[in-house]
Amino acid sequence: MSVLIYLEPLDTLFFRDHRPFIAGDDTIAEGGLPSPLTLYGAIGDYCLKKQDKSIEDFTQKNNDKLGKYDERLSDSQSKFKIKGIFLFKEKNIYFPPFANIYCYGASLQPNLKFFIPNKEPEIKWDIEKNNLDIAPIIITDHDAKPLQSFIEIATVKNYLLNNEIESAYVYLPNEFYQFETRYGNQILFDTKTVENLYLSRHIRFTEKLDDRCYVKSGIAVLLSGLDKNDFTDGDTLSIGGEQKRAKITLGDENVLSSLKDDEIKTKIQETKKFFVYFITPAIFNQGWFSQEFLGKFTGAELVGAVVNKPIYISGWIRETQAKGKPRPLYKAVPQGSVYFFSFENNENFNLDNIYSNYNLNESLSDIYPNAGFGIALIGAWNY
């Protein structure tokens, strides 16, 4: 069972990055889009409050809704798991850009280039490891840049099936959000006076009148282990820093069903090649991959990957309502990363099992799999 919820911010949101910040010593608190850890914690906190339970109750015994408490977020007895994180605009779902698509020319109507192993692209690969072609990529044309635009469901489906995307169907980040710099201050507890001023980088999700319709954007989350009765339309939850709020709206998880189409699986069976496209970050034990990750595709050979620079993941482990401790800092493979596999020389490769288990379903991440890291789509590689 899965549930899709839309989180519509009521104000700007503030998501701190991995770097430490001390008011007075530092002048700018940087931020960006939320980590899956942030969303996992916000939704879990909402469920506990709805049950009138505290974090202490949850850590001491199993919870009827969330299952077993596990600070490593990897225990199979934990009921609540994140199965996907997306941007939305007026309830339409959008995905991160494929890392192997670069663009040339103006940002509004760019020419797209698709970099794929063995296709004789106009690039050279930066790393060769065990005869693999591995990004980051060095491009001879310095006007080429990674695609930063977001992609709607129908376009993602077309790329998974046919490896084709037209620039008219990609959407720039400012369609969904913009960053704002806000002033903050540190107040002395005893005197209630301002001691330090600082700047913080907030994110404002788009609200605008578009063709007589009031269009709002935000973050959509696909969940398992909970059902729609665990959420109330119109409720709000606290998300990110400064106790900012977002409104919950229930969605229809079937809007994603086309991405699990047997048509894609049939094409993979014909070509004997496929790619794994991460829609959320993944944390591997060996940098950009791990033997555990490769072992989930037994019978297939990894022949190339396009992975942009890592992002850094940290977080907070709450031990009581007011106290906690920081999580370790990890390097993560960013969302959008693409891994190319071939099983041309193995007729016994179990595609049905792989496709059902890891196509918008189970996590491929070694670290924090329950929190929504390492969620991927599987597409046909047609070259």
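The values are calculated or read from the model by the stated rules, or taken from the named source; none is laboratory data. From a predicted model like this one, the values you see are computed outputs, not experimental measurements. Don't worry about glycine lacking a Cβ; one is built from the backbone with ideal geometry, like all the others, and counts go over all protein chains shown. SASA here: full protein model, heavy atoms, side chains in, ligands and nucleic acids out. Shrake-Rupley method; radii C 1.70, N 1.55, O 1.52, S 1.80 Å.
Worth pointing out:
- Look at the stretch 239-250: where a residue is in a loop (DSSP other than H, G, I, E, B) and a partner is open to solvent by less than 30 Å² (accessible area, probe 1.4 Å), sitting 6+ places away or on another chain with Cβ atoms under 6 Å, you get I239/A42; I239/A246; G240/L13; G240/F14; G240/F15; K244/L13.
- Top-ranked residue in the stretch 35-70 [being of a type outside the set (A, V, I, L, M), in a helix (DSSP H, G or I) and without any contact (Cβ under 8 Å) to a residue 24 or more places away in the chain; ranked as nearest to T236 (Cα to Cα)]: K49
- Filtered residues of the stretch 296-323 (kept if of a type in the set (G, A, S) and closer than 17 Å to V338 by Cα): A300, G304, A305
- Meeting the requirement of 2 or more residues that are within 19 Å of D70 (Cβ to Cβ) and touching a strand residue (DSSP E or B) at 6+ places or on another chain (Cβ under 8 Å), the strands (runs of 3 or more DSSP E) wholly within the stretch 289-331 are 316-318, 324-326.
- Among the residues of the stretch 242-267, those that are within 25 Å of T38 (Cβ to Cβ) and touching a helix residue (DSSP H, G or I) at 6+ places or on another chain (Cβ under 9 Å) comprise A246, I248, L250, V255, L256, L259.
- Screening F284 against (1) in contact with a helix residue (DSSP H, G or I) (Cβ under 9 Å, 6 or more places away or on another chain); (2) exposed (fewer than 14 other Cβ atoms within 10 Å of the Cβ) leaves a single unmet condition, (2).
- Members of the stretch 315-330 found to be modelled with pLDDT of 90 or more and surrounded by 11 or more Cβ atoms within 10 Å (Cβ to Cβ), listed by number: R327, L329, Y330
- Among the residues of the stretch 341-356, those that are surrounded by fewer than 23 Cβ atoms within 10 Å (Cβ to Cβ) and touching a residue at least 12 places away in the same chain (Cβ under 8 Å) comprise S342, F343, E344, N345, N346, N348, F349, N350, L351, D352, I354, Y355.
- Filtering the stretch 259-273 to residues that are open to solvent by less than 40 Å² (accessible area, probe 1.4 Å) and either part of a helix (DSSP H, G or I) or closer than 28 Å to G225 by Cα (or both) leaves L259, I264, I268, T271.
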